[in-house]
1. Which value results when the Cα radius of gyration for the range 81-185 is divided by 2.2 N^0.38 Å?
2. For the range 164-287, taking Cα atoms only, what is the radius of gyration to one decimal and the Dmax to the nearest whole Å?
3. Could you tell me the largest-minus-smallest coordinate of the C-alpha atoms of the chain on each of the three principal axes, in descending order and whole angstroms?
4. Whole number in Å², please: accessible area per residue of the range 321-398, 1.4 Å probe, ligands, DNA and RNA not counted.
5. From the C-alpha gyration tensor of the range 1-111, pull out the three semi-axes of the equivalent ellipsoid (sqrt of 5λ each), sorted largest to smallest, in whole Å.
6. If you roll a 1.4 Å probe over the heavy atoms of the protein chains, what accessible area per residue do you get for the range 221-315, in Å²?
7. I need to check one value: relative contact order of the range 430-488, counting alpha carbon pairs closer than 8 Å and at least 6 residues apart, in percent.
8. Angle between the Cα long axis of helix 446-458 and the longest principal axis of the chain, 0 to 90 degrees, nearest 10?
Amino acid sequence: MIFLGLGIALVVMDATIVNVALPSIIVDLDITSIDAEWVNAIYSLVFASLLIVAGRMGDRLGRRRVFVAGVVVFGGASLLAAQAATGDALIAARALQGVGGAMIAPTSLSLVNATYVGRARTIAFAIYGSLIGGMAAVGPLLGGWLTENYSWRWAFLINVPLGIVIIIGALLKIPESKDEQIAPGVDVLGAVLSAVGIGLFVFGLIEGRNYGWWRVDSPVELAGRTWAAGDLSPVAMAMTLSVLSLGLLYVVEQRRTAAGQSALIDFRLFRIPTFGIGSLAALIVSLGEFGILFSLPLFLQSVQGYSAFGAGAVLAALAAGSFVSGPTSAKLADWQSPRFVARLGLFLEVVGILGLGLVISPTVSGWAVAFWLFVYGVGVGYASAQLTGLILSEVPIHQSGQASGTQSTARQIGSALGTAILGTVLFVSLVNGTNTNLRAVPGLTDDEREVISQSVEQSAGTNIPALAAQPGGEAIAEAASEAFASAIRTTSFVAAGAVSLGLLATLWLPPEARRREDETEDREVRVDLDLDR
């Protein structure tokens, strides 16, 4: 469990470790806010696109084997990211990290599901879920410390020695596991349709504000082609192809399953209430959880003047809350039910995000932010631990890799959607709010307000300190800071709404879920006793 935990910690931490390093990366590599979004989103995008494929590979080839191979790929990609000299090179390395991460996440989860039974499984899932929530917040702290004391490049280099430890430990301590009942054939078409459909969907969400949702706003270059103003937007084309790909994927997988062939996704799994509803809830919750972690570090550094490490220290309150709640989640689940703990966690998440949105301002105390992040973190610890266990509680062990990949995909799609949707909300609110606030600054023309607003948006707010340093720039910086706080507030409310929808989705979880799990464990114990006799 130590090395499985380190593996998932590595993957989750790297989804957020660059958040506090982004301002330094933006300045050092001279990238735009769109590029900054892609540094985060490409990781989640590639990750989500390949999770189901990697989970199925683990079932077929051996879950430990794919897990170790994923750590090797992840470590090599981290080395490339640390050496990146341009924004494009960094984005490419982050994409490769997504490939390695996609091999680690579903195989680690399916290894937990296949290795532990009974109460040990409940505890293992509690550890696993707490690591998912906690390491998402440890990432910014570690990234901030490394950025401030060394360089943002060390936020990636740190993965290399950790990867070596995980590889050695996995080979020595983790037992191999695979699906001995897998159907014949390799579902290449399903893998392609899945990756293309998910990838194009998230691309459209991220680039909608840049290229136009339906028509191109101004001439742009993309994929070696010039798109003139008024042309059909590449975003509209991507969304259309995504819907077609995912629709065709469903048809292909249903036919392969009916024919007894190996299928990438067995859609019959979604008929299991705990798996289907739980996966939907996990997707919606991840949208709210990871989206807010993209915007808050930028605000703390650009508006409040925190160092990278200082911003990470504030965000560490989230990790503290997650780690505090983790050890008690299994006991609470025994006392009440896993559904109760999951709902309690989601409720606390909503309270924490709403509290954060209500108190945020350019002059808000770091302690006030940390308090609400702690409440939010306690909720993350409860929700993540129990949702993971609930989703897989009734899935047959031989399908654990497939199911793990599918539920991990739901989480990562939610994460990518969170970065895309909440990133769009943040930057649209920022540019419009800055323009509006600048009307109160005397001596500025409409064109000057527009240029300043666009510069604040394009730099993701990192140029606010530079604006304040210019002669007479204090009022301009104050207007931009107020707009940034307002944008964070709006983003928080949208995130809270997403998590609330996830909470509502858990109301449809069957009340007998815990009883079924207990019965399954009792049967496993009886089988073990019979075999001993």
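The values are calculated or read from the model by the stated rules, or taken from the named source; none is laboratory data. Just so it is clear, the model here is predicted, and its values are computed rather than measured. Every residue, glycine among them, receives a Cβ derived from its backbone with ideal geometry; neighbour counts consider all protein chains shown. The accessibility values were calculated without ligands, DNA or RNA, using every heavy atom of the protein model including side chains. Shrake-Rupley method; radii C 1.70, N 1.55, O 1.52, S 1.80 Å.
1. Numbers: Rg = 17.2 Å, N = 105, 2.2 N^0.38 = 12.9 Å.
Relative to the rule-of-thumb radius for its length, the range 81-185 sits at 1.33.
2. 20.0, 60
3. 89, 50, 43
4. Normalised by residue count, the accessible surface of the range 321-398 is 36 Å².
5. On the way: eigenvalues 145, 31, 25 Å².
Equivalent ellipsoid of the range 1-111: 27, 12, 11 Å, largest first.
6. That works out to 39 Å² for each residue.
7. 47 percent
8. Once rounded, the angle reads 30 degrees.
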